[in-house]
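What follows is a set of notes on a single structure, which appears directly below.
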Amino acid sequence: MALRVIRLVNTLSNTHTADVIGKQVLHSATEFCSKLGIVEEKADENIYWLELLDELIRETNEIVAMVVASIRTAKHRR
């Protein structure tokens, strides 16, 4: 997107008005792309933390299963 905006701004006429508008559009477009990059990084980071939680949930379920098996074994031996 930023490259398309740069090409567009380069096609504007050489007037003061076009220069001011072009600079504003260029700034907004590049800032927008930069912000999207930050959103992408944060979303990726969020996936990382969710994967950690998923792994912890899986491990906790395994521990619960072992405890339940131990309880059943202990009751069976009585």
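The values are calculated or read from the model by the stated rules, or taken from the named source; none is laboratory data. These numbers were taken from a predicted model, which means no experiment stands behind them. Methodologically, a virtual Cβ is constructed for each residue, glycine included, from the backbone with ideal geometry; neighbour enumeration extends over all protein chains shown. Accessible surface is based on the protein model in full, side chains and every heavy atom, while ligands, DNA and RNA are left aside. Shrake-Rupley method; radii C 1.70, N 1.55, O 1.52, S 1.80 Å.
Given (1) 94, 15, 8; (2) 37, 34, 19; (3) 33, 33, 23, which label gives Cα extents along the principal axes in Å as computed from the coordinates?
So the structure-derived entry is (1).
Only Lys, Arg, Asp and Glu count, each charged at its Cβ (+1, +1, -1, -1), so figure out the dipole size of the chain about its Cα centre, rounded to 20 debye.
Dipole of the chain, to the nearest 20 debye: 440 debye.
Keeping every protein chain present and rolling a 1.4 Å probe, give me the accessible area per residue for the chain in Å².
That works out to 91 Å² per residue.
Need the list of aspartates and glutamates near K42 for cross-linking: C-alpha distance under 15 angstrom, and skip anything on the same chain fewer than eight residues off.
Candidates past the 8-residue exclusion: E51.
State the answer as a single residue: which of L36, T73, Y48 lies farthest towards the positive end of the charge dipole of the chain, with beta carbon charges of +1 for Lys and Arg and -1 for Asp and Glu, about the Cα centre.
T73
What angle do you read, to the nearest 10 degrees and between 0 and 90, between the alpha-carbon axis of helix 2-11 and the longest principal axis of the chain?
Between the helix axis and the principal axis of the chain, the angle is about 10 degrees.
Which length gain, in nm to one decimal place, applies between M66 and S13 when the Cα-Cα distance is subtracted from 0.36 nm times their residue separation?
On the way: separation 53, 0.36 × 53 = 19.08 nm, distance 7.45 nm.
Net length gain for the segment: 11.6 nm.
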